[in-house]
């Protein structure tokens, strides 16, 4: 067995151990939890391994997230938090300017009202009074105009600073939420999007979580090497982007795994979209333009569930994952819709399976 093959086999064993450990602890099979257990099982962070073991067999998601924050962190999120702090500071400064201006205008308004009242009062009417009032109004008007110009200049400057900070913040978010290899959304962005599905219960019947996995990808890496495997991942991502609608969220969630979140479509429509993606990959040639080596055909297995079939994001992921395993276990290169009672090790063809 070559060194590369041995390493892949070892990684597969670790992956199996992680899955068993997560199931025994009742941990939701969502990507950030996989990452936490993977880091713990690598043994490179003894403190993480110790803290995870200390949680016992029924760790809550809140406890797991605390470990993720403490030991894995958020990568580029520290920079984002800094940008958020700058934006808050700039906003506070602008609000102070606007409050000062409002106070000035209110004072000016009261002065105008008092002067008008005194002028309209016959008992207090005199030429001197009118002259004094005109002088006061002239002075107040000049000061108010000057203050208004100063405020406008300050607001414009703050607005420019806002734009700069906002642009930096958007760029930091984009980098933090993008997979560097495929340019798709990454696992961090996927976790956020998945959790948001259950913010609107009315949309759950027409919202689907689709999980897709490249078939026999380990064999590709073992045969041709990881550089070829990376090129195939990038090519698959390109097919996904060009085949799916622009409004469909697409992410690479790890390794050869991808996820789509499709909103506003029935189960039948989602099935049609998945099949279009599957056929596009099945018929696309994958070969080296220089050497002529043919890497294909490259196919994917797909499983999905509708939002209304689950109570929360963790359950929805688990059911979509079960459908994906069923697609793998019934021949690969097919789309499977989750149905109650389905098991990951189920091999019957009786489930709703598409391969046209």
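The values are calculated or read from the model by the stated rules, or taken from the named source; none is laboratory data. In this text the structure is predicted, and so the values were computed from the model without any measurement. Virtual Cβ from ideal backbone geometry, glycine too; neighbours counted across all protein chains shown.
Assorted remarks:
- Selected residue [under 19 Å from residue 304 (Cα atoms) and either surrounded by fewer than 19 Cβ atoms within 10 Å (Cβ to Cβ) or touching a strand residue (DSSP E or B) at 6+ places or on another chain (Cβ under 7 Å) (or both)] from 213, 230: 213
- Pair list, Cβ < 7 Å and 6+ apart or interchain, from segment 286-299 residues that are at pLDDT below 80 to residues that are surrounded by 11 or more Cβ atoms within 10 Å (Cβ to Cβ) and not in a loop (DSSP other than H, G, I, E, B): 296/287
- Just one residue in the set 316, 324 is farther than 29 Å from residue 228 by Cα and either crowded, with 17+ Cβ neighbours inside 10 Å or assigned by TED's automatic domain parsing to the domain that holds residue 214 (or both); that residue is 316.
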